[in-house]
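Contents: one structure, followed by commentary.
All of the numbers you see were taken from the coordinates with simple rules; none came from a lab. Keep in mind the model is a prediction, meaning the values are calculated, not measured. Cβ placement follows ideal geometry from the backbone for every residue including glycine, while neighbour counts extend to all protein chains displayed.
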Amino acid sequence: MDELFERFAHAVDGMAGLSGYPHTGRHQEWLDRLEINLPELDVFDELRPQPEIGYLTQPPAEISSGGTSISDDDDGGGIAAIAHAARAAPARAAESAKTALAAARQQHDLRAFISLADAESLDASAASAARRLREGAPMPLMGVPIAIKDLMAVAGFPQTDGSGGPMPQPSTHDAEVVARLRNAGALVIGTANLHELAYGITSQNPHYGWVVNPRGSEYIPGGSSGGSAAAVAAGIVRLALGSDTGGSIRLPASCCGVVGFKPSFDVVPRDGVQTLGASLDHIGPIAASVADAALAYSIMAGQLASTVSGDSLAGMRVGVPRNYFFDPLAADVTRAVSAVLERMRDDGAELVEIDLPGVENSAALQFVTLCSEATDHHWRRLCERPETLGADVRSRLEMGQFLPATWYVRAQRGRAALAAMFETALRGVDVLLTPTLRIEPPRSNASAPTIGKQIIPLHTAMTSLTMPFNLTGMPALTMPCGNGDNGLPIGVQIAGRRGDDWRVLNVSARLEAILATNPWRRIS
């Protein structure tokens, strides 16, 4: 590792010059950032995936069926109940959204939002929804208040991407996924705060304030979709949108004790959403329950409005990957996830221990892929307006210019091998079950945690169990399964084959029921 660091230390200035990067004199900042990611680079330096394997982005998955259709007479609880009540009384369709807006203003110290709607705009949107209802549109989200991560275009709101510089003018159009929710009757109460450019795990935003975890103000809410998760955990809304490049839906959902679902790659459209890693980015819901997430997902994916069946797990084969995902783990995480597995067994599931050879290379593959793609996408901004970026995001973006193109290609071959390995491993099971994080949510000023006898970099402890499913495009959901020694939530993660989104949702709904968890409660 020392030799690798020395190679980079001698090369960074010359490579920056070759890239034409105009901001010199940052040699020490680059080396400081490089040192943080040396473990990933050291692993990557030894990787030699088969050269005949070609891989860039996977084609969209074919989604299996399995959801239960929502009928007009079914209030179902959760956001389905809100929509049912609004359809029954269209003149009062804005009431839930106005209540949510008032709660957002009252809990402004959470810094969960960057921009908020006003009552007049909510009335206008509700009136438009009522008109479409009269014209025969089903409106499955009629009157449901939602928050949108401020990384997506939302008509009438500025899209800041959580970044610095002058406040943008309000968007004139919706991102495709936002349009689908609004066309179903949802009412946007505001745009949610995030880690700048979605490039981080803490949501400690230097421009719009650090998002507060409603479960414990001294602990991070997770990132990058921290504002979205905080808004749901605080009881402001039952549904928010997030994006997930290495875990950015699931990490904050786990830290805040709510449900977060990352669908299969590109099943939910990304048009109008700011890119971070073009082959890794996913859009999905953060919600108060699995049923809420499922209904929102069905609409976001352009399907018929559906929710989960929640059938018994009898006959379900649940893969338990004991290598990598379960070692190392904090003791309280081990206890919580072990209890979940026992409850699944009691419900009739068959637990099958499986091996996932090569999954330990995920962090190295993720680092090279994301660092390269993010720097490429934001290169002009980095060269022309670096002063508008926070220090951590600027350094991370600058690092991408130092990774050779051959490394990026090698990383994509490594991803192909990883995806093929998961396909093989999943032939004998229906879903995988893993912890979501290796540790309980860390404090805001936490350094590298010690797990067992190992000192683990914080970003590795937070993201190492979520990023494999971004690299492979597989669906994965986190839900709360208990509390850690610090009293904060612990999450369990259910993942499946690409396209098995509804299987993941249905298993998760049943697990939520047998754990008797209620992830959504108001925080006073």
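Karplus-derived 3J(HN,Hα) values for the stretch 94-109, using 6.51 cos²θ - 1.76 cosθ + 1.60 with θ = phi - 60°, are 8, 4, 5, 5, 5, 4, 5, 4, 4, 5, 5, 5, 5, 9, 5, 5 Hz; glycine and proline are entered as x. Across every pair of non-identical alpha carbons in the chain, the mean reciprocal distance, once inverted, gives a Kirkwood radius of 23.0 Å. Remark: the Cα gyration tensor places the stretch 152-286 in the rounded category, a/c being less than 1.5. Per the Debye formula on identical point scatterers at the alpha carbon atoms of the stretch 384-424, with no solvent, log10 I(q)/I(0) at q = 0.19, 0.24, 0.33 Å⁻¹ is -0.69, -0.78, -1.01.
When the P(r) is computed for the stretch 359-402, the part past 15 Å accounts for 42% of the Cα-Cα pairs. Taking all C-alpha pairs of the stretch 413-452, those more than 14 Å from each other amount to 67 percent.
Spatial offset of the stretch 83-144 relative to the stretch 151-204 amounts to 17 Å, using the alpha carbon center of each. Amide H to amide H, with H built 1.01 Å from N, S171 comes under 5 Å of V154, G156, F157, Q159, counting only residues 5 or more places away or on other chains. Annotation: amide H of I490 within the under-5 Å range of C481, G482, N483, G484, sequence separation 5 or more or interchain, hydrogens built in the peptide plane. Taking the square roots of five times each eigenvalue of the Cα gyration tensor of the stretch 445-517, the equivalent ellipsoid has semi-axes of 26, 19, 8 Å, listed largest first.
Taking every DSSP bridge with both residues inside the stretch 232-354, close to 60 percent are antiparallel.
Phi-derived couplings, Karplus 6.51 cos²θ - 1.76 cosθ + 1.60 at θ = phi - 60°, listed residue by residue for the stretch 420-428: 5, 4, 5, 4, 5, 5, 7, 5, x Hz, with x used for Gly and Pro. Checking the a/c ratio against 1.5 first, then a/b against b/c, what shape does the Cα gyration tensor give for the stretch 373-516? Verdict is oblate for the stretch 373-516. Inverting the pair-averaged 1/r between distinct Cα atoms of the stretch 150-217 gives 13.0 Å as its Kirkwood hydrodynamic radius. Computed from the alpha carbon atoms alone, the convex hull of the stretch 385-461 holds 184 Å³ per residue. Residue ranges 299-310, 184-195 sort as 184-195, 299-310 when ordered by packing (mean number of other C-beta atoms within 10 Å per residue, highest first).
By the Cα gyration tensor, the stretch 123-166 has an equivalent ellipsoid whose semi-axes, rounded to whole angstrom, run 29, 10, 8 from largest to smallest. Ranking P140, G165, A179 by how far each Cα lies toward the positive end of the dipole of the chain (charges on Cβ) leaves P140 at the top. In order along the stretch 307-319, the Karplus-derived 3J(HN,Hα) couplings, from 6.51 cos²θ - 1.76 cosθ + 1.60 at θ = phi - 60°, round to 9, 8, 8, x, 5, 4, 7, 4, x, 6, 9, 9, x Hz, and Gly and Pro are given as x.
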